[in-house]
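*Asks:* The structure is given below, and queries will be raised subsequently.
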Amino acid sequence: MNVDELSRVNPDVILTQDHCEVCAIPFNQVQEAVDKFCSGNTEIISLSPTNLDEVMNSIRKAGEALNREKRAKDVI
């Protein structure tokens, strides 16, 4: 994780997954970095779908977090 870049960007939303710690940074490490290097307004959304319905729900959830509900609906 590039904490300098995280601090510089100070994102409103971070999309991550906690399905596999080999494939991504563990959620607790993301949370710790956000707490330390961001302003405190960053929302962390962890998506870990295991079936098609959950994939669709994850797209909707991401769309809601990013204020892109219509785009998410179009993708679904």
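*Asks:* Can you run down the residue pairs with Cβ atoms below 6 Å, 6 or more apart or on separate chains, where the first is in the range 18-44 and within 16 Å of Leu6 (Cα to Cα) and modelled with pLDDT of 85 or more and the partner is among the hydroxyl-bearing types (Ser, Thr, Tyr) and surrounded by 13 or more Cβ atoms within 10 Å (Cβ to Cβ)?
*Replies:* Phe27/Ser46; Val30/Thr16; Val34/Thr42; Phe37/Ser7
*Asks:* Collect the residues in the range 1-39 that are in a loop (DSSP other than H, G, I, E, B), open to solvent by 50 Å² or more (accessible area, probe 1.4 Å) and within 24 Å of Gly63 (Cβ to Cβ), keeping them in residue-number order.
*Replies:* Of the residues in the range 1-39, the ones in a loop (DSSP other than H, G, I, E, B) are 1-2, 10-12, 17-26, 38-39.
If we keep only those that are open to solvent by 50 Å² or more (accessible area, probe 1.4 Å) as well, we get 1-2, 10, 12, 18-19, 21-23, 25, 39.
Within the range 1-39, Asn10, Asp12, Asp18, His19, Cys23, Ile25, Ser39 meet the criteria.
*Asks:* Name the residue that is farthest from Asn10 (Cα to Cα), counting only residues in the range 41-76 that are open to solvent by 60 Å² or more (accessible area, probe 1.4 Å) and outside any helix (DSSP H, G or I).
*Replies:* Asn51
The values are calculated or read from the model by the stated rules, or taken from the named source; none is laboratory data. Not measured: the values here are computed from a predicted model. With ideal geometry, Cβ positions are generated from the backbone for all residues, glycine too; neighbour counts draw on all protein chains shown. Only protein heavy atoms, including side chains, enter the accessible area calculation; ligands, DNA and RNA are left aside. Shrake-Rupley method; radii C 1.70, N 1.55, O 1.52, S 1.80 Å.
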